[in-house]
Amino acid sequence: MAEQEQVFETVALAGEVLLASGAEISRVTDTMERIARAYGCPELDTFIVSNGVLLSSGGNGRRYQAKVRHVPLGGGRLDRIDAVNQLSREIGLGLHTPAEAYARLKEIQTAPPRPRWQQILASGVGSAAFCYLFGGTLWDAAAAFLCGLALYVYFLLLVRGRLSKIAMNISGGAVVTVLSLFLVHLGIGANLEMVTAGAVVPLLPGVAFTNGIRDIADGDYISGSVRLLDAILVVACLALGVGAVMAAYSRWIGG
């Protein structure tokens, strides 16, 4: 009985880690079912939504079990998704006991993100690259690079989770726009639109938007709609922050 409970907890934790890391619903369901079958629990039933994992098992002489776990919507952690997928393959090959798999999942769940300097540098490089792809010059890309660096410095060192998601995205869009205006006026970059567009790219929820479409295509309409709504809300907040600064700047120039 103890081993069955361990299997149940392991499957639940795998689903929780995947869902919290931004995996699509079909991937979460498939991985949980693979682990359950590998440990001899094919009768386990799962119900996954965008912010919750529900599963139950029992019957055929086994004690009934049920578990519900709330999983808040979060950002994408592709490293965790890849690690859980690799672990599920190893479980399928019989390389881990349920206790070992559970301990490994705990390690994956608590794995720290990339160092802050790497996140800040990646934001700057991504902003510069997209600015250039959008048609900006090399000077525009340089300005977007500086804006991208400053954006993640603002998020990781100044905000540090103290603002709500809505306030964070509105303020992030405003900060990027103010910096873009400042750099363009200094002569670092000439196309304000290109600099601003490239600098806000690190904030765009591309993974969430894509997974929302995939969930809807797979028939998970509730989860897909929630993720699409969340992505649209982020984009709207960014547009509000950028638009507010642009409107204020236009009025100031006009005056």
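The values are calculated or read from the model by the stated rules, or taken from the named source; none is laboratory data. Note that this is a predicted model, so its numbers are computed, not measured. Positions of Cβ are backbone-derived with ideal geometry, glycine not excepted, and every protein chain shown enters the neighbour counts. Ligands, DNA and RNA are stripped out before the accessible areas are found, and what is left, the full protein with its side chains, is counted by its heavy atoms. Shrake-Rupley method; radii C 1.70, N 1.55, O 1.52, S 1.80 Å.
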Considering only residues that are in contact with a Ser or Thr (Cβ under 7 Å, 6 or more places away or on another chain) and not in a strand (DSSP E or B), look in segment 45-74 and name the one that is modelled with the lowest pLDDT. L73
Candidate set: segment 205-231, residues that are under 17 Å from S164 (Cβ atoms) and surrounded by fewer than 20 Cβ atoms within 10 Å (Cβ to Cβ); chosen: the one modelled with the highest pLDDT: L229
Report those helices (runs of 4 or more DSSP H) wholly inside segment 191-255 carrying at least 1 residues which are assigned by TED's automatic domain parsing to the domain that holds M168 and closer than 19 Å to I48 by Cβ. 206-217, 221-254
Write out, first by first residue and then by second, each pair whose Cβ atoms fall under 6 Å of each other, whose residues are 6+ apart or on separate chains, and whose first residue, in segment 10-28, is among the hydroxyl-bearing types (S, T, Y) while the second is in a loop (DSSP other than H, G, I, E, B). S21/R77; S26/D218
Test for E90: is it open to solvent by 90 Å² or more (accessible area, probe 1.4 Å) and more than 30 Å from T177 (Cβ to Cβ): no
Is there any pair linking a residue in segment 38-53 that is open to solvent by less than 40 Å² (accessible area, probe 1.4 Å) to one that is basic (K, R), with Cβ under 8 Å and at least six apart or on different chains, and which? S50/R227; G52/R69; V53/K67; V53/R69
